[in-house]
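The values are calculated or read from the model by the stated rules, or taken from the named source; none is laboratory data. Quick caveat, the model's predicted, so the values are computed rather than measured. Positions of Cβ are backbone-derived with ideal geometry, glycine not excepted, and every protein chain shown enters the neighbour counts. Only protein heavy atoms, including side chains, enter the accessible area calculation; ligands, DNA and RNA are left aside. Shrake-Rupley method; radii C 1.70, N 1.55, O 1.52, S 1.80 Å.
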Amino acid sequence: DTGVSQDPRHKITKRGQNVTFRCDPISEHNRLYWYRQTLGQGPEFLTYFQNEAQLEKSRLLSDRFSAERPKGSFSTLEIQRTEQGDSAMYLCASSPGGGTGVPGNTIYFGEGSWLTVV
Amino acid sequence: AQSVTQLGSHVSVSEGALVLLRCNYSSSVPPYLFWYVQYPNQGLQLLLKYTSAATLVKGINGFEAEFKKSETSFHLTKPSAHMSDAAEYFCAVSGGTSYGKLTFGQGTILTVHP
């Protein structure tokens, strides 16, 4: 069990550029989540996948954001035409199927990808 | 919809003193409740969780929390603070239509003084 890994850990980009983050979940986990966390705030839910299917998207996920999990393993989160308000830490997490709806399950988080838009 | 309120964005204690971090939840269905800890520039680590079994839940690093339905609370405690406990702590809820994902509070930064 190598944990949830995210890449890159830090990204500085100019406003208007596109950025992509990658997440590799714990290998046996079929549920994958993306959260966003800004300074002084708790993580906010963006979206989640069950295998390759994207089952829910938050209203926070504007049309500039797209997440994929093409083979039900790793996932990517792309932000197009970045804005300064996109500066945040993007957290990926994974869990066994059913997430916290199954009492024995735990959602495990990666270390996050920091995005700074200048 | 579920929500969590953490009372006190900053808590400061002396080493060896009691740690009490407050969390109140709102949920229209029986909730599952969680406490996570976040060290600087790191992700979140689960401390403990309540999933409708025992109301007093013990977690890692000597932390525990008690689910009180009548008070809609899930406060986190530790009898004796250690310097290594300094971090940010998040309470989270899962339930109803949001079973399977977490809704977090704003977080409480714990400072431990020598």
Q: Test residue B:47 against the stated conditions and say whether it is part of a strand (DSSP E or B), hydrophobic (A, V, I, L, M, F, W, C) and farther than 20 Å from residue A:107 by Cβ.
A: no
**Q.** Counted residues, segment A:45-66 - those being within 11 Å of another protein chain (Cβ to nearest Cβ), in a strand (DSSP E or B) and open to solvent by less than 70 Å² (accessible area, probe 1.4 Å)
**A.** 6
Q: Kindly provide the set of residues from segment A:68-118 that are more than 14 Å from chain B (Cβ to nearest Cβ), surrounded by 20 or more Cβ atoms within 10 Å (Cβ to Cβ) and either part of a strand (DSSP E or B) or of a type in the set (Gly, Ala, Ser) (or both), ordered by number.
A: A:75, A:77, A:79
Q: Scan (1) surrounded by fewer than 20 Cβ atoms within 10 Å (Cβ to Cβ); (2) β-branched (Val, Ile, Thr); (3) in contact (Cβ under 8 Å) with a residue 40 or more places away in the chain for the single condition residue B:37 breaks and write down its number.
A: (1)
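Per-residue answers, yes or no, for (1) part of a strand (DSSP E or B); (2) in contact with a helix residue (DSSP H, G or I) (Cβ under 7 Å, 6 or more places away or on another chain); (3) within 13 Å of chain A (Cβ to nearest Cβ); (4) touching a residue at least 60 places away in the same chain (Cβ under 8 Å):
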{"residue": "B:11", "(1), (2), (3), (4)": "yes, no, no, yes"}
{"residue": "B:33", "(1), (2), (3), (4)": "yes, no, yes, yes"}
{"residue": "B:65", "(1), (2), (3), (4)": "yes, no, no, no"}
{"residue": "B:91", "(1), (2), (3), (4)": "yes, no, yes, yes"}
Q) Would you pick out the residues in segment A:1-28 that are closer than 26 Å to residue A:96 by Cβ and either buried (at least 20 other Cβ atoms within 10 Å of the Cβ) or of a type in the set (A, V, I, L, M) (or both)? A) A:4, A:6, A:21, A:23, A:25, A:26
Q | From the options B:95, B:105, residue that is within 10 Å of chain A (Cβ to nearest Cβ) and more than 16 Å from residue B:36 (Cβ to Cβ) | A | B:95
Q: Out of B:56, B:20, B:47, report the one residue that is under 11 Å from the mean Cα position of the chain (by Cα) and open to solvent by 30 Å² or more (accessible area, probe 1.4 Å).
A: B:20
